[in-house]
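The structure under discussion appears below in the form of structure tokens.
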Amino acid sequence: MTIAPSILSANFARLGEDVSLVENAGIDMLHIDIMDGHFVPNISIGPAVVGSLRKVSALEFDVHLMIEHPEKYVEDFVKAGADSITIHAEATRHLHRVIQLIKSLGANVGVALNPATPLEMLTYVLQELDVVLLMTVNPGFGGQKFIQEVLPKIVALSGILKEVNPLCRIEVDGGINVETARLVSKAGAEILVAGAAVFSSPDPQQAIYDILEAAKE
Ligand code: DX5
Ligand code: ZN
């Protein structure tokens, strides 16, 4: 089980310190949300910030691109230090091509699906993927409520991956806290993104331990 804190809920005025704080809790992965104001109604950060964080952190950078035309920007993010790039299936007309592009740049590749997008979108690319990210909120903002209806989707994906790509991991993103961590891990999720539950907590390190413990139950 991997917990990937999302820096979207961190304090951007002291981002490096917030990243060090969670890094010192013993996590391996940091989730970095990129939003363009088009694919989602919010704007966050770009490759320059990823590059700055790369200089101060050894964590695996899990870059979640909530942007249209991701093919235009994947190279910039890999150069900035992304270890893994996740694009949205809904955000490109040429999903297979972008997946190949990310692989050719040497990064791990993930595809994300919004809550309403069916798993069938991925039928012909699943073999190519290191990660499938199932959104458990509608993307765009931190601190939203977990969408329960995604639970059977996690179970279904878990069954399909056992057959076609057992090494591919299931990541969930949105509304993850101690309660929902239990539900998604039982359903088959292996990477849990948590933003508000970690960074809005008075003790982010304790929050990480609590979510991890809950996911083990
Ligand atoms: C939502 C982002 C998430 C977000 C999760 O669009 O992709 O990564 O930061 O935040 P929480 O855990 O607060 O729902
Ligand atoms: Zn995200």
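The table below gives the values:
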{"quantity": "Neighbour-count ranking [beta-carbon atoms within 10 angstrom, fewest first] of Asp28, Asp62", "calculated": "Asp28, Asp62"}
{"quantity": "Dimensionless Rg over Rh [the stretch 59-143; C-alpha; Kirkwood]", "calculated": "0.93"}
{"quantity": "Set of lysines with alpha-carbon distance to Lys79 below 23 Å, sequence-local pairs under 8 removed", "calculated": "Lys55, Lys103"}
{"quantity": "Within the chain, helix-based [θ] at 222 nm, where runs of 4 or more DSSP H residues each add -39,500 (n - 2.57), nearest 500", "calculated": "-10000 deg cm²/dmol"}
{"quantity": "Paramagnetic reach from Val178 in the stretch 13-28 [backbone N under 20 Å; point 7 Å along Cα→Cβ]", "calculated": "22, 25-27"}
{"quantity": "Diffusion constant of the stretch 2-216 at 37 °C, which comes from Stokes-Einstein with the Kirkwood Cα-pair radius and 0.692 mPa s, µm²/s", "calculated": "193"}
{"quantity": "Ascending count of other beta-carbon atoms within 10 Å, so fewest first, for Lys153, Lys72", "calculated": "Lys72, Lys153"}
{"quantity": "Of all DSSP beta bridges in the stretch 33-119, antiparallel share, percent nearest 5", "calculated": "10"}
{"quantity": "Rounded to 5, the percent of DSSP beta bridges in the stretch 2-216 classed as antiparallel", "calculated": "5"}
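Computed from the coordinates by the stated procedures, all read-outs in this text should not be read as laboratory data. Quantities reported herein were computed from a predicted structural model and do not represent experimental measurements. Using ideal geometry, Cβ is built from the backbone for each residue, glycine included, and neighbour counts are taken over all protein chains shown.
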